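Encoded as structure tokens, the structure appears first; notes follow it.
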Amino acid sequence: MLKLRGIADDDATEFLEPRLAGLSDPTDLLGRTEATERIVRAIRAGEVIAIFGDYDVDGTTSATILADGIERLGGTVW
């Protein structure tokens, strides 16, 4: 199955047994600073923030974590 998905034998172990060290650096995400600044402005202005996530395990989980974080910072999530 992994070969069909383009994962070579050498990468199979890393794929099946991931480590935190293998994660990409979040500071490399394009637009991260601008998105953070916009969220901060919205929280400070009392704006309602809508979060959209796709309907799979990582999409619903990440949307929930983001909503929880924003609410803990005093924001309102719709």
Inset, instruction - Find the relative contact order for the chain and round it to a whole percent, using C-alpha pairs within less than 8 Å whose residues are 6+ positions apart. - result: 26
Inset, instruction - At 1.4 Å probe size, with every protein chain present, just tell me what the per residue accessible area of the chain comes to in Å². - result: 88
Legend entry - Pairwise centroid distance, computed over Cα atoms, of segment 10-29 with segment 42-65, Å: 24
Inset, instruction - On a 0 to 90° scale, report how tilted helix 32-45 is relative to the longest principal axis of the chain, with both axes built from alpha carbons and the result rounded to the nearest 10. - result: 30
Inset, instruction - Just the number, please: carbon plus sulfur as a percent of the accessible area of the chain, 1.4 Å probe, no ligands or DNA/RNA counted. - result: 58
Inset, instruction - Just round it to a whole percent: the fraction of Cα-Cα distances in the chain exceeding 14 Å. - result: 74
Inset, instruction - Return a whole-number percent for the relative contact order of segment 38-78, with Cα pairs under 8 Å and 6 or more residues apart as the contact set. - result: 51
Inset, instruction - For Thr13 and Val40, calculate 0.36 nm times their separation in residues minus their Cα-Cα distance, and state this gained length in nm to one decimal. - result: 5.8 nm
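The values are calculated or read from the model by the stated rules, or taken from the named source; none is laboratory data. For clarity, every value in this text was computed on a predicted model and none was experimentally measured. SASA here: full protein model, heavy atoms, side chains in, ligands and nucleic acids out. Shrake-Rupley method; radii C 1.70, N 1.55, O 1.52, S 1.80 Å.
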